[in-house]
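Undergrad: I have a structure I would like to understand better, so I am pasting it below and will then ask my questions one at a time.
The values are calculated or read from the model by the stated rules, or taken from the named source; none is laboratory data. In this text, all values refer to a predicted model and were calculated from it rather than measured experimentally. Every residue, glycine as well, gets a Cβ built from its backbone with ideal geometry; the counts of neighbours run over all protein chains shown.
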Amino acid sequence: MSHQNSRKEAASERRPSLEQKIRRLVRSYRAAERRRQRKKSKSTRGHRPPRNLCWLIGLALNLLPLAIMAAAVSPNPDFDQALAASATGHYDQAARIYSRILTEQGYSAPVLYNLGNTFYHQGQWGRAILNYERALWLVPHDADAAANLRLAQGQAGVPVAIPAPWETLVHLFSANTIAWIGSAALLMFALSWLVHRRVQPVWGRGLRAVRVCLCAVVLLASADLVYWWTRLDRAVILSADTPAHVAPAAAADVSFSLNEGQIVDAGKAHGDFRLVRTADGRSGWVNRNRAALIVSE
Amino acid sequence: MKLNCPIFGRFAGAYGGPSHFSTRCVALRVLVMAAVMILAIRATALTLRSSPHDVTASLQPSTIQLGQTAQLAVTVQGDRVDTPDLPSVKGLQIGPVGESTSMQSVNGNMHNTITYLYQVRPTRQGTFTLPSIAVAGERTAPVVLKVLHKATGRSRGSPAPGNLRVPPPAFNTPNDQGAASAGEMAFLRVLIPKRRLHVGEMIPVTIKAYFRAGLNATLNGLPTLSSDAFTLNKLGDQPDETTEVVRGVPYTVLTWSSALAAVKAGDYSLGLDLPVLVRVRERSAHARNPFQGMLPQGMFNDPFFDDSFFDNFFGSVREKPMTLRTDPLKLGVLSLPTENRPDDFSGAVGQFTLRSEATPTHVAVGDPVTLKVEVTGAGNFDRVNLPGLQESDVWKTYRANSTFDPTDDAGYRGTKTFEQAIVPQKGGPQEVPAIHFSYFDPDLGRYVTQSTKSIHMVVTGVAVSPAVATIAPPSPTTSVRPTTSAPKATLAADKAEAGSSVRDLRPVFLSPWFIGVQGLIILAAAAGLVGLRFRERRRHDPALHRRRTARSAMETSLARMENAAQTGNASVFFVSARDALRERLASRWHIPSTAVTISEIDRRLNGDAGELHELFALADRAAYAGLPPGAEQLDQWKCIVTEQLKHVETL
C-alpha cells in the first residue's frame, strides 16, 4: 500500500502542477505579445527583400557578362595554329590539330565546324557531315554550319532534310539551353508556391499570370526536349558503299549498301557491328568504324 | 518326381516326364500372370463403364479464315458412349472425322478418354456459336468460332513443311469411300496459264499437293523442277492449306504460288517432284486378337481383345519416303526476236508502265535532288534495270539504287523503284531529261520502249564547281558571317573564335544529377502546394478556430490573473479567474462562453458547484459592488482557482 502511495507521489511530482502551467502560459502570452508588436512594426514598413540579397544579385548580374567575355577572348594558340594551317591549304594538319583540341578541351561548336570545313576540302564528305551535325547539335541556329552541311550532303549525293517551319523554331535553342530554361522555369514555379504566403499579398493576381507563363515554359521545354531526345541516336556513314549485313558478322550476307554521308538511326551494338535503320525503313548491321554516332555514346 | 503344385498337376501329367516340367511350369506361370493382368484390365474397364462421364468440347483453332477448316474435339472421360448428337449451325458444315481412345493409369486408377473429332468448315464469314453438345446425359459448354474474310496473301496459320501433319479431311460419307483408289492417296498438280512462252518470260505457276483423308504424311522438302530448261522463283516455306473434294473424295491441299521462267528455247516437258514421308501403321504379325491360338479355346476369344487399343499397342508405325510427281507438261519456248531489238534492252520480258518524279523541284545550285523512277507491271523484274540519268554539264549524277515491292506471293507482279541522287550544277530553269526503258511484250510479240516525261526544275544560284570552292582566309579577330540565310553555293568561312566547350555531347537532361534536381524541385513544389492547402483548410475549420480562440482567451485570462495576484489587484484577479474558468467550462460543455453563468453551472452540476459558485459570485461582486472583507487573500484564492480548474477537467 505504502509502495503504491509513493509511486503516486512520484508521478504527481513528475507531472507539472497547474501553477507551473499557469507560469508557462504567462511566459508564452508575453512572448506572443512581443511577436505581435514586432509584426505590427513590420507591416508599417512593407515587404522588402533583404538588402544583402539585392546586393548579391546585382553583383552577379554585373560580373556574368564580364566572365563570359573573359572566357570568349581567352587566347587559344592551338586553335590559331589550326586556323593558319587551314588557311594555307594544310587541311590534314588542321584536321589533326582540331581533333586534338576536341580531345583535350572538349567539344566546341566553332572547332567542330572548322573541322567539318577541313574534311570538306579533303573530300571526306562523311566526316564533314558528321562534324557539321555535331556543331549544329551544340548551336542549332548556326546558319553557316547548316549551309555547309547542305553543301556537303549535295557533294555526297545524299538527300538533304529540309527542316519544317516548326523545326526552325525548335532549333533556336540547343538541347542543353532548353533544358536549363525549363529547369529554371520549374524552379521558379516551385518557389512561387513555397513563398506563396509572403508573395500573394503583394503580387495578387499577377502571381497567377506568372505561374501560368512558367507552366507554359516548362511544357514547351519538355516538348522541345522530347524532339532532341528523338535525335540522339543518329549516326553518319563515314565511307562510301558501306555494306549493311543481315547479321553482325563480316561473313554475313550483305543486305544493301549505304552511301557516304548518309544519316541513319543507330540501334543496338553487337561486337564490332551496330544495327542501323535508313529513312526508308531498311535495317542492317554496319561496322562501327564506318558509322559514327553524332552524339557520342 | 511328384508334382507338388496342385494347379499345374494336370499339365504336368499331360506333358509327361518330369525332366520337362521345370521349364514348362515357368512358361505356364508367365501365361497365367498375363491372363490375370488382362482380366484386371477388363475388370477396371467394367468399373469405368459405370463411372460418371466428364465431357468437354474444344475448337482448334478458334479463329480461321473463310476457306479454312477447324477441328472440333468432343472429349468424353469415362467409358465408350454413343456418338454425340451434333447441333446444326447455319453457316457451318460439320462432318465427322474419327475418334481416338486413350487409357491412363494414375496411382492405380484407370482413366479412359474417348475423343470424337469433327471438321468444321464455314460457308460464310462471321462469328458462330456451337451450342452445347449432349453426350451420355452430360452437356458440353458452347464454343465460339470466328471466321474472318479470306486473306489474299499467304496463310499465316499454315504449318511449316518440316513437321506438317496432314489432318484428315471432313465428310467421310459412305458414298465417298470407294471414290479414290489406293493410288490416289496423294498426288501433285501444277497449273500454268499457257503452254507457249518466250525465253526470259516469267509466268505465274500454282503447285498443289493433294493428300487424302486420314493420311499421316510429312513434307520432306519443297517442290523442285525436274527440268533445267526452266527456273522457279523461291517457294514459300508455308504453303496455303485448304480442303478440296476431288471426284467425291475429300483431300487436304497444300498450295504454293510462284513464278516460272524459261531459260532456253525449244520444246521441253515440265515436271515437278515433291518428297514426302508417309507414316504407315503396320499390324502385328499375330492375328487381330493377340492371344488367339496361344491359349485354350474360349479363354481370350472375347471381342474385347479385338479392340483397336491392342492394335495400337502391338502394331508399329513406319515412315515411308515417297516422291509425288506431276504429269509431264509439254511447253514450247520461243527465242526473243533479234530484229528491232532496242540498244537499251536489258532482258525485261512482260508488261510494264513507267513513271518518274523529282523532289524537290525548287532547289539551289549544289543541292541534291532525288529522282525516282517507278516501273510497275508483271514480268521478270530481276531483269528490269535502268541506267538512270547520265551525267552532264547541268547535272552531276550518282549511282541509282533500286528496290522491288512485289504485290503477289510469286514475285511476278509489283513495282520496282529506282532512286538516284542528282545535283544541279547550273542555275536558272533546268530540265530533268526523259528516262527510257525497253522491254519485250510477249503478248504483242515485239519490243516496246517507254519514256518518262521530262521534269522542269527551278534552280537558284550561280554555277559552281566543287573543285574551285574556296575558303576565305580567317581574320584573327572577327568571324565572317553570312549576310542572308538563303542557300549558299560557296562554303562558309572558318570561325575565328574557339568558343566555349563542353566535355560531352550528350545533353545535360540525360544526366542523373539533373534529373534528380528536377525531381527535388517538383517534390518541393508539391510539398509547398500540399502545405498551403493544409494550412488553408485548418484556417477555415470552425471547430478548430473555436478551440483555439477559447484556449487563447483562457491563457490571456490566466496571465491577467497571475499579474493581478502579484500586484494585489483583487477585483481584476477575480474577474480574470472567472473568465478563465468560464472559457474552460465552455470548452468542456461545447457552449459559448457567454452562456456559462452561475445558474447554468448550478443546473449542470445539480447544485453541487461549491467553490466554483462562490468564485463566480465574488467576481460579480468585484465587478459591480466591491469585494467583501477577507477576499484579499489572493494566494489562497489562487490555490482554489487552480483546484477548480483541475476539477473542471474531471467534469
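Undergrad: Search the stretch B:250-263 for residues that are closer than 16 Å to B:Thr206 by Cα and free of Cβ contacts under 8 Å to residues at least 60 places away in the same chain and pair each with any residue that is surrounded by 20 or more Cβ atoms within 10 Å (Cβ to Cβ) and of a type in the set (D, E, K, R) when their beta-carbon atoms are under 7 Å apart and the residues are at least 6 apart or on different chains.
TA: So the pair list comes out as B:Val253/B:Lys208; B:Thr255/B:Lys208; B:Thr255/B:Asp240.
Undergrad: Could you identify the single residue in B:Leu334, B:Leu329, B:Leu354 that is buried (at least 18 other Cβ atoms within 10 Å of the Cβ) and touching a strand residue (DSSP E or B) at 6+ places or on another chain (Cβ under 8 Å)?
TA: Values: B:Leu334 fails: buried (at least 18 other Cβ atoms within 10 Å of the Cβ); B:Leu329 fails: buried (at least 18 other Cβ atoms within 10 Å of the Cβ).
Just one listed residue meets the conditions, B:Leu354.
Undergrad: Next up: With the structure loaded, tell me whether B:Leu523 is within 7 Å of chain A (Cβ to nearest Cβ), within 51 Å of the chain's Cα centre (by Cα) and closer than 18 Å to A:Ala190 by Cα or whether it fails that test. Before the answer, list the steps.
TA: Working: within 7 Å of chain A (Cβ to nearest Cβ): no; within 51 Å of the chain's Cα centre (by Cα): yes; closer than 18 Å to A:Ala190 by Cα: yes.
Considered against the rule, which asks whether it is within 7 Å of chain A (Cβ to nearest Cβ), within 51 Å of the chain's Cα centre (by Cα) and closer than 18 Å to A:Ala190 by Cα, B:Leu523 comes out as no.
Undergrad: To continue, here is another question. Would you check if A:Ala292 is surrounded by 14 or more Cβ atoms within 10 Å (Cβ to Cβ), in contact with a helix residue (DSSP H, G or I) (Cβ under 7 Å, 6 or more places away or on another chain) and more than 26 Å from B:Thr397 (Cβ to Cβ)? Give the derivation first.
TA: Numbers: surrounded by 14 or more Cβ atoms within 10 Å (Cβ to Cβ): yes; in contact with a helix residue (DSSP H, G or I) (Cβ under 7 Å, 6 or more places away or on another chain): yes; more than 26 Å from B:Thr397 (Cβ to Cβ): yes.
Spelling it out, A:Ala292 is indeed surrounded by 14 or more Cβ atoms within 10 Å (Cβ to Cβ), in contact with a helix residue (DSSP H, G or I) (Cβ under 7 Å, 6 or more places away or on another chain) and more than 26 Å from B:Thr397 (Cβ to Cβ).
Undergrad: Also: Could you please find all residues in the stretch B:209-229 being crowded, with 21+ Cβ neighbours inside 10 Å and outside any loop (DSSP other than H, G, I, E, B)?
TA: Result: B:Ala209, B:Tyr210, B:Phe211, B:Arg212, B:Ala217, B:Leu219.
Undergrad: Assuming B:Tyr268 fulfils every condition listed in (1) modelled with pLDDT of 85 or more; (2) under 38 Å from the mean Cα position of the chain (by Cα) apart from one, which condition is it?
TA: Here B:Tyr268 clears every test but (2).
Undergrad: Say we look at the stretch A:129-168 and pick out the residues that are closer than 24 Å to B:Thr370 by Cα and outside any helix (DSSP H, G or I); which of these is farthest from the other protein chains (Cβ to nearest Cβ)?
TA: Within the stretch A:129-168, the match that is farthest from the other protein chains (Cβ to nearest Cβ) is A:Ala164.
Undergrad: Being farther than 28 Å from A:Ala240 by Cβ and touching a Ser or Thr at 6+ places or on another chain (Cβ under 7 Å), is that true of even one residue in the stretch A:83-106?
TA: Scanning the stretch A:83-106, I find at least one residue that is farther than 28 Å from A:Ala240 by Cβ and touching a Ser or Thr at 6+ places or on another chain (Cβ under 7 Å), so the answer is yes.
Residues checked against (1) touching a residue at least 60 places away in the same chain (Cβ under 8 Å); (2) touching a helix residue (DSSP H, G or I) at 6+ places or on another chain (Cβ under 8 Å); (3) more than 30 Å from A:Phe189 (Cβ to Cβ):
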site	(1), (2), (3)
B:Glu536	no, no, no
B:His540	no, no, no
B:Arg546	no, no, yes
B:Glu555	no, yes, yes
B:Ala564	yes, yes, yes
B:Arg578	no, yes, yes
B:Leu581	yes, yes, yes
B:His590	no, no, yes
B:Ser593	no, yes, yes
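Undergrad: A follow-up question, please. Applying the selection to the stretch B:396-447, what residues are assigned to a strand (DSSP E or B), surrounded by fewer than 20 Cβ atoms within 10 Å (Cβ to Cβ) and touching a residue at least 40 places away in the same chain (Cβ under 8 Å)?
TA: Within the stretch B:396-447, B:Thr415, B:Thr417, B:Glu419, B:His436, B:Ser438, B:Asp441, B:Arg446, B:Tyr447 meet the criteria.
Undergrad: Let me ask something else. Looking at B:Thr83, is it under 19 Å from B:Gly214 (Cβ atoms) and at pLDDT 75 or above?
TA: yes
Undergrad: Could you tell me how many of the residues in the stretch B:344-388 are more than 14 Å from every other protein chain (Cβ to nearest Cβ) and either of a type in the set (Ser, Thr, Tyr) or without any contact (Cβ under 8 Å) to a residue 12 or more places away in the chain (or both)?
TA: 5
Undergrad: Turning to a different aspect of this structure: Quick one: how many residues across the stretch A:130-182 are farther than 16 Å from A:Val236 by Cα, touching a Leu at 6+ places or on another chain (Cβ under 7 Å) and among the polar types (S, T, N, Q)?
TA: So the count comes out to 1.
Undergrad: Find the strands (runs of 3 or more DSSP E) located wholly in the stretch A:179-292 whose residues include 3 or more that are under 25 Å from the mean Cα position of the chain (by Cα) and at pLDDT 90 or above, and list them.
TA: Working: elements: A:234-237, A:242-245, A:254-258, A:263-270, A:273-277, A:283-287.
Fully inside the stretch A:179-292 and qualifying: A:234-237, A:263-270.
Undergrad: Moving on to the next point. Among the numbered conditions (1) at pLDDT 80 or above; (2) surrounded by fewer than 18 Cβ atoms within 10 Å (Cβ to Cβ), tell me where B:Val462 comes up short.
TA: (1)
Undergrad: Another question, if that's okay. On the basis of being buried (at least 23 other Cβ atoms within 10 Å of the Cβ), more than 8 Å from every other protein chain (Cβ to nearest Cβ) and not hydrophobic (A, V, I, L, M, F, W, C), does A:Tyr113 make the cut?
TA: Numbers: buried (at least 23 other Cβ atoms within 10 Å of the Cβ): yes; more than 8 Å from every other protein chain (Cβ to nearest Cβ): no; not hydrophobic (A, V, I, L, M, F, W, C): yes.
Answer is no for this residue.
Undergrad: Here is a follow-up. Do we have B:Ala622 as modelled with pLDDT under 80, away from every other protein chain (no Cβ under 12 Å) and part of a helix (DSSP H, G or I) here?
TA: Working: modelled with pLDDT under 80: yes; away from every other protein chain (no Cβ under 12 Å): yes; part of a helix (DSSP H, G or I): yes.
It is true that B:Ala622 is modelled with pLDDT under 80, away from every other protein chain (no Cβ under 12 Å) and part of a helix (DSSP H, G or I).
Undergrad: With respect to the numbered conditions (1) without any contact (Cβ under 8 Å) to a residue 40 or more places away in the chain; (2) facing chain B (nearest Cβ under 8 Å), which one is the sole condition not fulfilled by A:Ala175?
TA: (1)
Undergrad: Just checking, does the stretch B:540-555 include any residue being within 47 Å of the chain's Cα centre (by Cα), buried (at least 16 other Cβ atoms within 10 Å of the Cβ) and modelled with pLDDT under 85? Can you show your working first?
TA: Residues of the stretch B:540-555 within 47 Å of the chain's Cα centre (by Cα): none.
No, because not a single residue in the stretch B:540-555 is within 47 Å of the chain's Cα centre (by Cα), buried (at least 16 other Cβ atoms within 10 Å of the Cβ) and modelled with pLDDT under 85.
Undergrad: Right, next: Against the condition surrounded by 13 or more Cβ atoms within 10 Å (Cβ to Cβ), within 12 Å of another protein chain (Cβ to nearest Cβ) and under 20 Å from A:Ile129 (Cβ atoms), how does A:Ala266 come out, does it pass? Quick ask: steps written out before the conclusion?
TA: Working: surrounded by 13 or more Cβ atoms within 10 Å (Cβ to Cβ): yes; within 12 Å of another protein chain (Cβ to nearest Cβ): no; under 20 Å from A:Ile129 (Cβ atoms): yes.
Answer is no for this residue.
Undergrad: Find the residue count for the stretch B:497-513, including only residues that are at the interface with chain A (Cβ under 7 Å from one of its Cβ atoms) and among the aromatic types (Phe, Trp, Tyr).
TA: Going through the stretch B:497-513 one residue at a time, the tally reaches 1.
Undergrad: Among the listed residues A:Val226, A:Val295, which satisfies the condition of being within 14 Å of another protein chain (Cβ to nearest Cβ), hydrophobic (A, V, I, L, M, F, W, C) and touching a Lys or Arg at 6+ places or on another chain (Cβ under 8 Å)? Give the steps one after another, and end with the answer.
TA: Values: A:Val226 fails: touching a Lys or Arg at 6+ places or on another chain (Cβ under 8 Å).
Within the list A:Val226, A:Val295, the selection yields A:Val295.
Undergrad: Just need a number here: residues in the stretch B:529-562 that are more than 20 Å from B:Arg621 (Cα to Cα) and either aromatic (Phe, Trp, Tyr) or within 12 Å of another protein chain (Cβ to nearest Cβ) (or both).
TA: The initial filter retains those residues of the stretch B:529-562 that are more than 20 Å from B:Arg621 (Cα to Cα), namely B:529-556, B:559.
Subset that is either aromatic (Phe, Trp, Tyr) or within 12 Å of another protein chain (Cβ to nearest Cβ) (or both): B:529-536, B:539, B:551-556, B:559.
The qualifying residues number 16.
Undergrad: Another question, if that's okay. Name every residue in the stretch A:103-138 that is aromatic (Phe, Trp, Tyr), farther than 13 Å from A:Ser174 by Cβ and under 25 Å from the mean Cα position of the chain (by Cα), in order of residue number.
TA: Residues of the stretch A:103-138 aromatic (Phe, Trp, Tyr): A:107, A:113, A:119-120, A:125, A:132, A:137.
Going one step further and asking which of them are farther than 13 Å from A:Ser174 by Cβ, we end up with A:113, A:119-120, A:125, A:132.
Matches in the stretch A:103-138: A:Tyr113, A:Tyr132.
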